[in-house]
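The values are calculated or read from the model by the stated rules, or taken from the named source; none is laboratory data. Remember, predicted model here, so these are calculated numbers, not experimental data. Note that each Cβ is placed from the backbone with ideal geometry, even for glycine, and that neighbours are counted across all protein chains shown.
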Amino acid sequence: MNQGRTPKQTGKFGVKKGFESKKAERKDGEIMTIGKEPITVYATTPVIKVANMMIENDCRRIPIVDAGTKVILGVAKAVDIVDFLGGGEKYNIILNNFNGNFLSAINSPIAKIASQNFMTLTNYDSIKDAVNIIIEKHTSLIPVVDEDGKILKVVTEKDVFPTMKKSGVKAGDIMQRAVTTVTPRTTIKDLARIIVNTKKRRIPVVSDGELVGIISVMDVLKFLKEGEFKSVMSEDVLSETVDKIMKQPTVVFPDTDLDTIVTKMKEMNFGGFPVVEDSKLVGIITTTDVIKAFYR
């Protein structure tokens, strides 16, 4: 790790920890040449508003900042919202604090469920530092902060996505062969739990051994937003099945070259593709797999 790196910040909302002292004369690192202005929320922002912002901006992570100082306090993650709405331990908050009332729960403050253990970069860091975090921690967004913890920008997978060619590498060389799947009749609640437990962003849908769909954590959030809830009880909302929201998959093959996959990911703005052979699912390849293949 480079001097001045702040790889982790852990603490209660409103308390910043782990920031190392910096020398005032140090120059900004190359990390400041990439990335973008951050979309942020406050600790009091309702869960449903954060989910809507994720959908509207096509992002799975949004930094939470202090309203006055812009010091980063936490990171709202799509998987945490899915966990809260039925995927894991945070679902108990709905049962215990809201008596199972779904509409009340989704209007509670994001601070109730947001992660306070997250990775950051400083303005002195390099692009390689960002790549290492993305590969090692499988994170899609990293806040860049100054020595006081004030957020300056965010760096995402797209910002470090390869632009060069890498001939000779095939999907079968770098794909993940162990793939978590669901069936069309899997409930949204069970899907949510699988997403939370496996930390997978996208799950192939398989029927009778054949790939029939693909579903992501963002699809779950969109369902919750657009579903026009039939009941205020979370169990009713989450009893719908995956076939209601799954998408037709775009696939690649084991012999598809990596340059073609990179082009498809950029053109379609997709974060991954199932890999099929003879109509059977044999793997999955994601942006993290691609970045790892190019940089390591």
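Some points to look at:
- Test: residue in the range 70-79 that is in a helix (DSSP H, G or I), over 13 Å from VAL154 (Cβ atoms) and in contact (Cβ under 8 Å) with a residue 12 or more places away in the chain: yes
- Of the helices (runs of 4 or more DSSP H) lying entirely inside the range 160-264, those containing at least 2 residues that are closer than 17 Å to VAL282 by Cα and at pLDDT 90 or above span 171-174.
- When residues of the range 108-141 are limited to those that are closer than 18 Å to PRO38 by Cβ, of a type in the set (S, T, N, Q) and in contact (Cβ under 8 Å) with a residue 60 or more places away in the chain, the one surrounded by the most Cβ atoms within 10 Å (Cβ to Cβ): THR122
- Filtered residues of the range 252-296 (kept if among the hydroxyl-bearing types (Ser, Thr, Tyr), touching a residue at least 60 places away in the same chain (Cβ under 8 Å) and either within 21 Å of ILE215 (Cβ to Cβ) or out of contact with any Pro (no Cβ under 9 Å at 6 or more places or on another chain) (or both)): THR256, SER279, THR286, THR287, THR288
- Condition met for VAL41 (modelled with pLDDT of 95 or more, in contact with a Lys or Arg (Cβ under 7 Å, 6 or more places away or on another chain) and closer than 21 Å to VAL154 by Cα): no
- Residue identified as aliphatic (A, V, I, L, M) and more than 18 Å from THR139 (Cα to Cα) among ILE55, ILE81, ILE62, ILE94: ILE94
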